[in-house]
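Readers should treat all values here as calculations from the given coordinates under stated rules, not as data from a laboratory. Here the structure is a predicted model, which is why all the values come from computation and not from measurement. Ideal geometry is used to build each Cβ from the backbone, glycine not excepted, and the neighbour counts take in all protein chains shown.
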Amino acid sequence: MTKVDLTPAFLIHRRAFKDTSLLLDFLTLDHGKIRLVGRGLRNSKTQIQVFQHLKISYSGKGDLKGLNNWEADDTPRQLKGDSLILGMYVNELISRLLHEQDPHFELFEIYKNFIESLATIDTLSSRWLLRLFEHNLLQELGYGVNLSEDIVGEKIDLTAKYEYQHQDGFVRSVTGKILGKSINQLLIDDIDNMPDTQQLKVCRDLNRMRLKPLLGDKPLQSRSLFFSK
C-alpha cells in the first residue's frame, strides 16, 4: 500500500466521479503527474483550488489512490480573463503531455513561477511568459532545440533571419520569419527581455509547430476559448 504525506502539488484538473466524488489530477514535485479520487468532495464546503500551491497526502493500492487531506501552502490566487485562459491552457498541456508518476523537478518549479508571475503581469508580458513556458516544457520532455547554434553549427546571428526545421533546428534563410534576436531571447529566458508584437506571434507559431507532433490531432479545449473570446 502506498502512503504519501504532504507532498508539494498543484491541482491541474478536476471532474465529477460517481455520485459525490471528484477525479483530481495533480502535478507534484516528488511524484510527477498523478490522479487521485477525492471522495465526497463534490459536496464539500471547502473546495480544493487550482493555481494554488498545496501540500497533499494520499494513500491506496492499485493505480487509483485516494486523496486523504490537503493544506494550502500559498495565498489564494484567482486568475481572470486572459490569465485564466493561459493558466487553463498550461494545465491542459501538462495533462496531455506528461506521463503518470514521472517526476520533473525543474518543471514543477517552472510551473510554480509561471503561475505566480501570471497573476501580476500585463497581457503582453503574459504572452511572452507562455512562450517561455512552452519552450521549457519541451526541453523537459526531451524535445529541446539548440538556441545557440544553427543546424550547421554556426552561432545564431542576432541580425539574421531563420527558419525552423522540425527536429533539426534553425537554418539561416533570407525568407525566414524568426529573427536571430528572438531565438536569443528564448535562450536568455527573461520575462523582461521580450520580442516585439510581431515576433511574439512568430514565436507562438514556432512553439505550436514544435508541440503539434506531441499533441496529435485532438484539439486543445483551452485554445478554443481564445477564439470564442
Low-density loop cleavage sites - trypsin sites (Lys or Arg not before Pro) in the range 1-58, where at most 13 other Cβ are within 10 Å (DSSP)
18, 45
For the chain, take the longest principal axis of its alpha carbons; what is the angle in degrees between that and the long axis of helix 81-97, to the nearest 10 within 0 to 90?
80 degrees
Could you list, in their original order, any pairs among 18/61; 3/55; 65/218; 33/177 whose Cα atoms are separated by more than 24 Å?
65/218; 33/177
Work out the charge dipole of the chain with +1 on the Cβ of Lys and Arg and -1 on the Cβ of Asp and Glu about the Cα centre, then indicate which of 222, 146, 27 is farthest towards its positive end.
222
Eligible lysines near residue 181 by straight Cα distance, threshold 22 Å, same-chain separation 8 or greater:
155, 161, 201
Loop trypsin sites (Lys or Arg not before Pro), the range 58-153 (other Cβ atoms within 10 Å of the site Cβ: 14 or fewer; DSSP):
61, 80
Where a ≥ b ≥ c are the square roots of the eigenvalues of the C-alpha gyration tensor, would you call the range 53-109 rounded, which needs a/c under 1.5, or, failing that, prolate if a/b is larger than b/c, or oblate?
oblate
Using only Cα atoms and rounding to the nearest 10 degrees, what angle (0 to 90) does helix 105-118 make with the longest principal axis of the chain?
80 degrees
Contact order normalised by residue count of the range 2-72, Cα under 8 Å, 6+ apart, percent
34 percent
Rounding to the nearest 10 and keeping the result within 0 to 90°, find how far the Cα-based axis of helix 197-215 lies from the longest principal axis of the chain.
60 degrees
